[in-house]
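Notes follow the structure.
The values are calculated or read from the model by the stated rules, or taken from the named source; none is laboratory data. Bear in mind the structure is a predicted one, so any value in this text is a computation, not a measurement. Glycine also receives a Cβ, built like all others from the backbone with ideal geometry; neighbour counts cover every protein chain displayed. Side chains are part of the model used for accessible areas, which takes the heavy atoms of the whole protein and leaves out ligands, DNA and RNA. Shrake-Rupley method; radii C 1.70, N 1.55, O 1.52, S 1.80 Å.
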Amino acid sequence: MVGNVFLRRSWLAENGALVALVVLVVALSLLSSDFLSVTNLLNVGVQAAVTAILAFGGTFVIVTGGIDLSVGSVAALSAIVLAWTAAVPGLPWPLATVVSLVVGVVCGLVNAALIAYGKLPPFIATLAMLGIARGLALVISQGSPIPMPDAVSHLGDTIGGYLPVPVLVMLVMGALAAVILNRTYVGRAMYAIGGNEEAARLSGIKVSRQKLITYALSGGFAAVAGIVLASRLASAQPQAAAGYELDAIAAVVIGGASLSGGKGRALGTFVGALILAVLRNGLNLLSVSAFWQQVVIGVVIALAVLVDTLRRRGMS
Amino acid sequence: MELLRAEGLRKRFPGVLALDGVDLTVRAGEVHVLLGENGAGKSTLIKMLSGAYHPDEGRVLLDGRAVHIRTAGDAQRLGIATIYQEFNLVPELSVAENLSLGRPPRRFGFVDTKRMHERAVELLARVGVDVDPRTPVARLGIARMQMVEIAKALALDARVLIMDEPTAVLTTGEVEKLFSIVRRLREEGVAIVFITHHLEEIAAIGDRVTVLRDGRSVGEVPADTPQDELVRLMVGRPIDQQFPRERGQAGEPLLKVTGLGRKGVFEDVSFEVRAGEVVGLAGLVGAGRTEVARAVFGADRYDTGEVTVRGRRPARGDVVAAMEAGLGLVPEDRKGQGLVLGADIGENLGLVTMRGATRAGFVDRSGQRRAAAEVAEQLGIRMTGLAQEVRTLSGGNQQKVVIGKWLEADAGVLILDEPTRGIDVGAKVEIYQLINQLTASGHAVLMISSDLPEVLGMSDRILVMARGRLVGELSAAEATQDGVMALAVAEVAGPRGR
Ligand SMILES: Nc1ncnc2c1ncn2[C@@H]1O[C@H](COP(=O)(O)OP(=O)(O)OP(=O)(O)O)[C@@H](O)[C@H]1O
Ligand SMILES: [Mg+2]
């Protein structure tokens, strides 16, 4: 049946990233005997976790047609704030954690205020925040790492000596992102705003308020990512997660979101983050030099977006 | 002399057979009208002549030779120019830049801005539209955008000119201008393919008509074929009453506008719309009708005056407040303001009701789907399912989605800005019947329309605007086309420029 061909073709197109991931996994398991071991795969999961959590937050923003370049810096700042408030004023760790999350959310709110009320382009507003948050992290920590409270550091451990907590946190945040995007008013409004902001406004969606929520979520997710990263290292470092925003954006885009807004799914982003992590891990196993790895990853990002663009053009 | 011929064109999209073997022949020096219901395949057909789509089967001949039109560039080289139903202008660029898009005049490798402007002034004069070529296109109303599109196509000096519903957004005056341009081109031997849902235009401008139904050509008839016969060919059944307005008793005033004004746009606009009433707002393009509607709805601000909806005064410039007071607006520009093109039909239909369908932050999506399915059914939206992307709907069906969105919301006072733009004759009658149902159940409707027969046929009272002011009010009984037009142009000599 002709109809079936179309079904199959559109399924492939919709799930291109997933197919790519499967191909990648199969290829690597053939090329390297170490790849398919449980320890290695969990290792990949841990490596993917921070990028994935940042990218889930980034998915919200990209779906609205915006961009958040500040997430790496915000992650570092939130972790520093946690470690510092626990160490210096000696706040109990749960309180310190809450403060740290609040800092992440506030950074997002500032981004959104600049964008929604100051009418700055998201690129500029979050680029400024990228500098500000990084600077504040350096100021607070005076440029040196601060040890994380022990209780929080357990986030870097494994459950039952088996399941790494970062992987669990990643899954929980991913599920949360999926629920927000698919089921809630906030999520559906993100798609409408990203698809056509004026139509959304004339349909009674409070665009500025929804943008505040969107960037606040991104900031909150960044804080969680920062805490996970710091607890793995058992210390908060002011220079941590530098450049991670680009990986996060890449994961979102590889996952099928459109930078012009209105398109994107949490599952796609998850797959995108896994592709990046699998690729890095595999290239390490195959002892490809770190320099060449950058080249390969760049090519993969270009390919992913190219395929997507061709697909869109093919539809018309 | 036969210039262009299409034979057995067939085109399938996922889930629909849009064209199922269509034939078309167009002669040099004729205006060939394409007629068919929404979704019949008219736009798909012409897109295969302009290189936007490729036929799965069939062939196109130009001067008796088979040609392959793969890209818009191919079409241009063959001398085929197309004005699409959905605009292809770059909103951020100026009118002049849009008119020279892709082929700006150059000097020493740089764009020659002076010549670009001269060219723009000349082209704009040819279509007789009065705009400054430096204006960004985004600031033009929809009708002027259409005139710029037409000017852009004229700049190509094509042998075949295809126009997909060029008159849908134009008022009578502009339609006349367009027709005189078309007649001149016809005399010069240009072959013109003309799509319209306005049947009266067919005899006025057309020579022959090809009727499409469900992706098939069902007949080729002369343009002076009686309208009833055209309708029967196109819809498969006759339509007995074009404007089935059932007038009832007007009740309480639901919408009251007093002394509304915005500097340089409109001033001292006062009127009311009562429960059970359809008030028509007529006038020329640029008279300020859309601007007033948007201000009333809170989409734009106003400087002076008051808006009262069912006794409440929504804050100015606040869409949500206006909606909560019971206002709804179907905007004139469906692509720019009405639809999220990349989202599916269900999502678009539920956009306004989504807030109400939210409990504890969660949207009741199955309830939303049900409501959407009901409205889609009511409006007869031709689709493969609610999950179809709105972008891939035919123009008229897209318009139905914009209307449907507000039907679902059940607004007490509905402002319709060009509601039947691009909608076929059969579906128009269905929309008029929906308007009847709305007013019968105590809703109020303010209808802006450039389609004078529609305003006359459906309104209980008619307000006429000119140059940003209300210049007259006519009852349904006393209003005639000439009467409305006389009011609409009377004030043109007035002091205020635009
Ligand atoms: N890109 C696409 N993908 C899927 N379906 C499409 C696409 N383009 C058009 N269609 C479908 O093809 C059919 C014919 O559409 P077309 O736009 O040609 O109609 P039309 O005759 O121009 O109608 P209208 O009077 O409403 O403009 C419709 O059912 C439409 O939904
Ligand atoms: Mg069409």
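Tabulated results
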{"quantity": "Selection status of A:Ala52, buried (at least 24 other Cβ atoms within 10 Å of the Cβ) and over 15 Å from A:Gly219 (Cβ atoms)", "calculated": "yes"}
{"quantity": "Residues (open to solvent by 50 Å² or more (accessible area, probe 1.4 Å), closer than 17 Å to B:Ile431 by Cα and within 12 Å of ligand 1 (Cβ to nearest atom)) located in segment B:370-387", "calculated": "B:Arg382"}
{"quantity": "Cβ pairs under 8 Å, 6+ apart, first in segment A:184-209 and more than 7 Å from chain B (Cβ to nearest Cβ), second open to solvent by 10 Å² or more (accessible area, probe 1.4 Å) and basic (Lys, Arg)", "calculated": "A:Ile193/A:Lys211; A:Gly194/A:Lys263; A:Ile205/B:Arg355; A:Val207/A:Arg201"}
{"quantity": "Residues of segment B:419-435 classified as more than 16 Å from ligand 2 (Cβ to nearest atom) and in contact with a helix residue (DSSP H, G or I) (Cβ under 9 Å, 6 or more places away or on another chain), total", "calculated": "6"}
{"quantity": "Sole exception among (1) more than 16 Å from ligand 1 (Cβ to nearest atom); (2) in contact (Cβ under 8 Å) with a residue 40 or more places away in the chain for B:Gly483, by number", "calculated": "(2)"}
{"quantity": "Residue count for segment B:306-331, restricted to those that are in contact (Cβ under 8 Å) with a residue 40 or more places away in the chain and more than 11 Å from B:Leu255 (Cα to Cα)", "calculated": "5"}
{"quantity": "Residue match in segment B:364-381 (condition: within 16 Å of ligand 2 (Cβ to nearest atom) and either at negative phi or touching a residue at least 60 places away in the same chain (Cβ under 8 Å) (or both))", "calculated": "yes"}
{"quantity": "Count of residues meeting criterion [away from ligand 2 (no atom under 16 Å from the Cβ), more than 14 Å from the chain's Cα centre (by Cα) and either under 26 Å from B:Met485 (Cα atoms) or hydrophobic (A, V, I, L, M, F, W, C) (or both)] in segment B:140-171", "calculated": "11"}
{"quantity": "Helices (runs of 4 or more DSSP H) enclosed by segment B:1-114 - at least 3 residues per element that are out of contact with any Leu (no Cβ under 8 Å at 6 or more places or on another chain)", "calculated": "B:72-77"}
{"quantity": "Qualifying residue in segment B:130-137 (condition: in the same structural domain as B:Thr225 (by TED's automatic domain parsing), away from ligand 1 (no atom under 16 Å from the Cβ), assigned to a loop (DSSP other than H, G, I, E, B) and at positive phi)", "calculated": "no"}
{"quantity": "Search result, residues across segment B:138-167 that are assigned to a loop (DSSP other than H, G, I, E, B) and open to solvent by 10 Å² or more (accessible area, probe 1.4 Å)", "calculated": "B:Leu140, B:Gly141, B:Ala155, B:Leu156, B:Asp157, B:Ala158, B:Arg159, B:Glu165"}
{"quantity": "Residue list for segment B:453-475, filter: open to solvent by 10 Å² or more (accessible area, probe 1.4 Å) and hydrophobic (A, V, I, L, M, F, W, C)", "calculated": "B:Leu456, B:Leu470, B:Val471, B:Leu474"}
{"quantity": "Selection from segment B:301-343 of residues that are more than 8 Å from every other protein chain (Cβ to nearest Cβ), open to solvent by 40 Å² or more (accessible area, probe 1.4 Å) and either within 16 Å of B:Leu416 (Cβ to Cβ) or within 22 Å of the chain's Cα centre (by Cα) (or both)", "calculated": "B:Lys335"}
{"quantity": "Residue satisfying condition, being within 20 Å of B:Ala52 (Cβ to Cβ) and among the aliphatic types (A, V, I, L, M), within set B:Val390, B:Val413", "calculated": "B:Val390"}
{"quantity": "Number of positions in segment B:1-29 that are more than 14 Å from chain A (Cβ to nearest Cβ) and open to solvent by less than 40 Å² (accessible area, probe 1.4 Å)", "calculated": "13"}
{"quantity": "Residue in segment A:269-279 that is more than 14 Å from chain B (Cβ to nearest Cβ), open to solvent by 30 Å² or more (accessible area, probe 1.4 Å) and in a helix (DSSP H, G or I) present", "calculated": "yes"}
{"quantity": "Single residue of segment B:416-444 satisfying the filter (more than 16 Å from ligand 1 (Cβ to nearest atom) and within 26 Å of B:Gly342 (Cβ to Cβ)) that is farthest from the chain's Cα centre (by Cα)", "calculated": "B:Leu416"}
{"quantity": "Test: residue in segment B:30-42 that is more than 24 Å from B:Gly236 (Cα to Cα), open to solvent by 10 Å² or more (accessible area, probe 1.4 Å) and either assigned by TED's automatic domain parsing to the domain that holds B:Asn397 or within 16 Å of ligand 1 (Cβ to nearest atom) (or both)", "calculated": "no"}
{"quantity": "Top-ranked residue in segment B:344-369 [being of a type outside the set (D, E, K, R) and at the interface with another protein chain (Cβ under 7 Å from one of its Cβ atoms); ranked as most open to solvent (accessible area, probe 1.4 Å)]", "calculated": "B:Phe362"}
{"quantity": "Residues being part of a helix (DSSP H, G or I) and in contact with a strand residue (DSSP E or B) (Cβ under 9 Å, 6 or more places away or on another chain) - total across segment B:402-430", "calculated": "6"}
{"quantity": "Pairs with Cβ under 6 Å, 6+ apart, first in segment B:383-400 and more than 14 Å from B:Lys42 (Cβ to Cβ), second aliphatic (A, V, I, L, M) and within 7 Å of ligand 1 (Cβ to nearest atom)", "calculated": "B:Thr384/B:Val16"}
{"quantity": "Residue match in segment B:391-406 (condition: within 16 Å of ligand 1 (Cβ to nearest atom), more than 19 Å from B:Ala372 (Cβ to Cβ) and under 17 Å from the mean Cα position of the chain (by Cα))", "calculated": "yes"}
{"quantity": "Number of the condition not met by B:Ala158 [criteria: (1) within 16 Å of ligand 1 (Cβ to nearest atom); (2) modelled with pLDDT under 90; (3) of a type in the set (A, V, I, L, M)]", "calculated": "(1)"}
